[in-house]
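Working notes for the structure below.
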Amino acid sequence: MIAQIEACLAGQLDDAALAAWAFDRFYATELGKEHYESGAEPAIADALDVLMFDDDPGFRLDVEELRALVAQLGKV
């Protein structure tokens, strides 16, 4: 997830692509098709929930918010 956010920060991935990626991961997790490290699930689910709406101007994260999310995920 951090790599995807960093790709967006570097201009290699646009907001729509990041949102689509997060949407796919979120629902794969909800359907039990994707699993994450034990104890990390809540933080990852929260991050995916935020990121899957990043293509909507009303919910788009700015650079500082994306960097903060990377820092938060780095602690998981």
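Numbers at a glance
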| read-out | value |
| --- | --- |
| Meets criteria (surrounded by fewer than 16 Cβ atoms within 10 Å (Cβ to Cβ) and assigned to a helix (DSSP H, G or I)) for A28 | yes |
| Members of the range 2-19 found to be closer than 15 Å to A47 by Cα and open to solvent by less than 50 Å² (accessible area, probe 1.4 Å), listed by number | I5, C8, D15, L18, A19 |
| Every pair of residues 6+ apart whose Cβ atoms lie under 8 Å, when the first sits in the range 25-53 and is of a type in the set (S, T, Y) while the second is open to solvent by less than 90 Å² (accessible area, probe 1.4 Å) and not in a helix (DSSP H, G or I) | T29/Y36 |
| Output for the range 27-53, where each listed residue is within 9 Å of the chain's Cα centre (by Cα) and not β-branched (V, I, T) | A45, D46, A47, L48, D49, L51, M52 |
| Selection count, the range 53-73, where residues are out of contact with any Asp or Glu (no Cβ under 7 Å at 6 or more places or on another chain), modelled with pLDDT of 95 or more and under 13 Å from Q4 (Cβ atoms) | 2 |
| Selection from the range 61-76 of residues that are in contact (Cβ under 8 Å) with a residue 12 or more places away in the chain and surrounded by 14 or more Cβ atoms within 10 Å (Cβ to Cβ) | L66, R67, L69, V70, L73, V76 |
| Cβ-Cβ under 6 Å pairs, at least 6 apart or on other chains, the range 1-14 side β-branched (V, I, T), far side surrounded by 14 or more Cβ atoms within 10 Å (Cβ to Cβ) and at pLDDT 95 or above | I2/V70; I5/L66; I5/V70 |
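The values are calculated or read from the model by the stated rules, or taken from the named source; none is laboratory data. Quick caveat, the model's predicted, so the values are computed rather than measured. With ideal geometry, Cβ positions are generated from the backbone for all residues, glycine too; neighbour counts draw on all protein chains shown. Note: accessible area is taken over every heavy atom of the protein model, side chains too, but ligands, DNA and RNA are not part of it. Shrake-Rupley method; radii C 1.70, N 1.55, O 1.52, S 1.80 Å.
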